[in-house]
Amino acid sequence: MIIRTIDFETTGLMDSEESRDAICETGCCDLDDKGYISLPVGTLVNPGKPIPVPARAVHHISDQDVADAINPTTACRLLMEPRPDYFCAHNIDYEKKFFGGGDVPWICTYKTALRIWPDAPGHKLQELRYFLDIDADADFDPRLAERPHRAPDDAYVTAFVLRKVLEHESIETLVRWSNGPALLYMCFMKKHKGKPWAQVAEEDRDYLDWIYNKSDVKDRDIRATVKFYLNKK
C-alpha cells in the first residue's frame, strides 16, 4: 500500500472561477504500509500566468524560476506515476481544486487531526509538526522541512503527520472523515470568539440554533460543526 502525500504552491487561492489560479510547484512523498517515508520530490511548474506578489511573498517562487518548467497538466500526471492507493494532503479541499486524482481516495490530515487532537494548540501543518514532536522521530530529517510553504518540504511534514494519524484510526474512517466537512474545534464567530464549540454548545444552545436555522452563515464547516453539537445529547 502506498499513500502519496502531496502539496501545491500556486498563484493564488482559486476562490472563484474567474481567478483561474494555477500550480507553480508540486511536492510529493510516499508512506508505505510498513511506515517507511520516502524522500520528498519537488517539481517547479510554469502556471502559464504571472505569479502575483502576494503569492510570491508566501512561497518565494518567481516567474523566472518557472519560466522553463513543465506545465500543470504534465505535473499532475507525474503525481499519478506510479499510481498510489491513496492521496493525502493537509487540506484536500484546496489541493483538489487543482488536481482531482482520478478515482484514488483522499485523506486529509487537517480534518482528521481536528477529530483526533481537537484541543491541540493549532491545526496548521507546522503547528501539528511541533505539537506531535515530529522532529524527534528517528527518521525525520529537519533539513528536508526547513522551507515552510514550499511544496516538497510541506509534503514531507504531511507524511509524518499522516503516520501519527494512522496510529489512531483505520484508513476507511480517515477517508470518510476527510471527504466530509471539517469538524471545527474553536469558534471564531464574534459572540463566542475563542471558545471551543463544545463550550458554546453547553452555554448557549440558542446561539447554535440561530446559526443553523436563522442566520445567513453558509460556511459548510461551521454549519456541520453546529449541526454536530445540536444533535449531540
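The values are calculated or read from the model by the stated rules, or taken from the named source; none is laboratory data. Note that the structure is predicted; figures quoted are calculated from it, not measured. Here the Cβ is made from the backbone with ideal geometry for all residues, glycine too, and neighbour counts use every protein chain on show. These accessible areas exclude ligands, DNA and RNA; they are computed on the full protein's heavy atoms, side chains included. Shrake-Rupley method; radii C 1.70, N 1.55, O 1.52, S 1.80 Å.
For the chain, averaging the sequence separation of C-alpha pairs within contact (under 8 Å, six or more residues apart) and dividing by the residue count gives a relative contact order of 20 percent. Solvent-accessible area assigned to carbon and sulfur over the chain amounts to 52 percent, based on a 1.4 Å probe.
Excluding same-chain neighbours fewer than eight residues apart, the lysines reachable from Lys49 by a Cα-Cα span under 23 Å are Lys96, Lys97. The mean sequence distance of close C-alpha pairs (under 8 Å, at least 6 residues apart), as a share of the length of the stretch 1-120, puts its relative contact order at 26 percent. Backbone geometry of the stretch 216-222 corresponds, through the Karplus equation with coefficients 6.51, -1.76 and 1.60 at θ = phi - 60°, to 3J(HN,Hα) couplings of 9, 5, 10, 4, 5, 5, 5 Hz, x marking Gly and Pro. Dipole magnitude for the chain: computed about the Cα centre from +1 point charges on Lys and Arg Cβ and -1 point charges on Asp and Glu Cβ, it is near 880 debye. Listed by chain and number, the lysines whose C-alpha is less than 22 Å from the C-alpha of Lys214, apart from same-chain residues fewer than 8 away, are Lys190, Lys191, Lys193, Lys195, Lys227, Lys232, Lys233.
Around the amide H of Cys24, modelled in the peptide plane, lie the amide H atoms of Glu9, Thr10, Thr11, all under 5 Å away and 5 or more residues distant in sequence or on another chain. Out of the DSSP beta bridges found with both residues in the chain, what percent are antiparallel (nearest 5)? Once the DSSP bridges in the chain are tallied, antiparallel ones form about 70 percent. Proximity of backbone amide H atoms, modeled 1.01 Å from N, is registered between Cys88 and Arg4, Thr5, Ile6, Ile107 at under 5 Å, excluding neighbours fewer than 5 places apart on the same chain.
Solvent exposure of the chain, expressed per residue, is 53 Å² of accessible area, with all protein chains present and a 1.4 angstrom probe. In the distance distribution for the stretch 90-205, Cα-Cα pairs more than 16 Å apart total 64 percent. Using the Cβ of Ala224 as centre and a radius below 13 Å, the other residues enclosed give a net charge of +4, where K and R count +1 and D and E count -1. Helix 151-165 and the longest principal axis of the C-alpha atoms of the chain enclose an angle of approximately 50°. Once each of the chymotrypsin sites (Phe, Trp or Tyr not before Pro) sitting in a DSSP loop with at most 11 other beta-carbon atoms within 10 Å is removed, the chain keeps 37-187 as its longest stretch.
If you look at the Cα atoms of the chain, you get an Rg and a Dmax of 18.7, 58 Å.
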